[in-house]
Amino acid sequence: MTDRPLIGVSTYLEARTRWGVWELEAALLPAGYPRLVQRAGGLAAMLPPDVPERAAAAVARLDGLAIAGGPDVEPARYGAERDARTGPPARERDAWELALIDAALAARVPLLGICRGMQLLNVALGGTLVQHLDGHAEVVGVFGRHAVKPVPGTLYAGLVPEETSVPTYHHQSVDRLGTGLVVSAHAADGTVEAVELPGEHWVLGVQWHPEMGEDVRVMRGLVEAAG
């Protein structure tokens, strides 16, 4: 691939981040995300949070978009009361990333949602979330692994046709599917592990964290669609 597609990856703000002698607010993204884009053949562009009105202009400059993992989506976004086990809201990030998703869908820019990004994709299309489930984040701050089985005939199965072990860390998941979405992978306990929009527009969400593993096939699919 001579002209590497430009893949934007959403980032998030942390109020107090320390490096050297400095402790300042910073726009952050774990290095695994840009490295995954690079390993898959793309150029990574980190997208700091901005006002939602600028999302379309940002997406127009990209060949593809990835929405990174992170905190729980605010339940009010999908019409639910907050469960006591749901994390604190990240309203500015919700607004920015939902605007990015809407812009990518409108402009038919290839889109990949990772963990929270998959959940936001579902919410953006009118779906809901399970606010807590056990067994997918067993040790605080430590990624686990479990098997994911593709649904035959889906976009995801075309990328990863076999059952695979994936890096995972989440306590929420898709409940009611958003409009047009189909399930393309499950965990052994039935948890929805991937969703996609059938058709010519490349749109995929995965519940796990490919940036924490060695398998680049999902990200390569985004990069190739973006190219």
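The values are calculated or read from the model by the stated rules, or taken from the named source; none is laboratory data. This one's a predicted model, so the numbers in the text were calculated from it and none came from an experiment. With ideal geometry, Cβ positions are generated from the backbone for all residues, glycine too; neighbour counts draw on all protein chains shown. Just so you know, the surface numbers come from the protein's heavy atoms only, side chains and all, with ligands and any DNA or RNA stripped out. Shrake-Rupley method; radii C 1.70, N 1.55, O 1.52, S 1.80 Å.
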Rounded to the nearest 500, what is the chain's calculated 222 nm mean residue ellipticity when only DSSP H runs of at least 4 contribute -39500 (n - 2.57) each, over all residues?
-> -7000 deg cm²/dmol
Taking protein heavy atoms only, a 1.4 Å probe, and rounding to whole percent, the accessible area of segment 108-223 owed to carbon and sulfur comes out at 55
Could you estimate the translational diffusion coefficient of segment 7-85 from the Stokes-Einstein equation, with Rh from the Kirkwood formula over C-alpha pairs, at 4 °C and 1.567 mPa s, in whole µm²/s?
-> 88
Quick one: accessible surface of M219, probe radius 1.4 Å, all protein chains present, in square angstrom to the nearest 10.
-> 0
With each label point set 7 Å from Cα along the Cα-Cβ vector, what nm distance links D102 and T179?
-> 1.3
Hey, could you get me the Stokes-Einstein D for the chain, Kirkwood radius over alpha-carbon pairs, 20 °C and 1.002 mPa s, rounded to whole µm² s⁻¹?
-> 122
Checked segment 94-187 with the C-alpha gyration tensor, a ≥ b ≥ c its square-rooted eigenvalues, rounded below a/c of 1.5, otherwise prolate if a/b is larger than b/c and oblate if not; verdict oblate
Placing +1 at every Lys and Arg Cβ and -1 at every Asp and Glu Cβ, with all other atoms neutral, what dipole size does the chain have around its Cα centre, in debye to the nearest 20?
-> 300
Would you mind working out the accessible area per residue for the chain, using a 1.4 Å probe, and quoting it in Å²?
-> 47
Do you know the relative contact order of the chain, to the nearest whole percent, from alpha carbon pairs under 8 angstrom that are 6+ apart?
-> 21
Largest first, how would H209, H186 line up by accessible area (1.4 Å probe)?
-> H186, H209
Stretch R145-D3 to full length: gain in nm at 0.36 nm per residue minus the Cα-Cα span?
-> 47.7 nm
Given a Förster distance of 41 angstrom, what is the FRET efficiency for A57 paired with S165, based on the Cβ-Cβ distance and rounded to 0.05?
-> 0.55
How many percent of DSSP beta bridges within segment 1-121 run antiparallel, rounded to 5?
-> 35
Under 5 Å, built H, 5+ apart or other chain: amide partners of A66 = G8, V9, S10, L112
Ranking T11, V192, L98 by how far each Cα lies towards the positive end of the charge dipole of the chain (+1 on Lys and Arg Cβ, -1 on Asp and Glu Cβ), the top one is T11
Could you rank the peptides 64-70, 31-37, 49-55 by their average count of other C-beta atoms within 10 Å per residue, with the highest value first?
-> 64-70, 31-37, 49-55
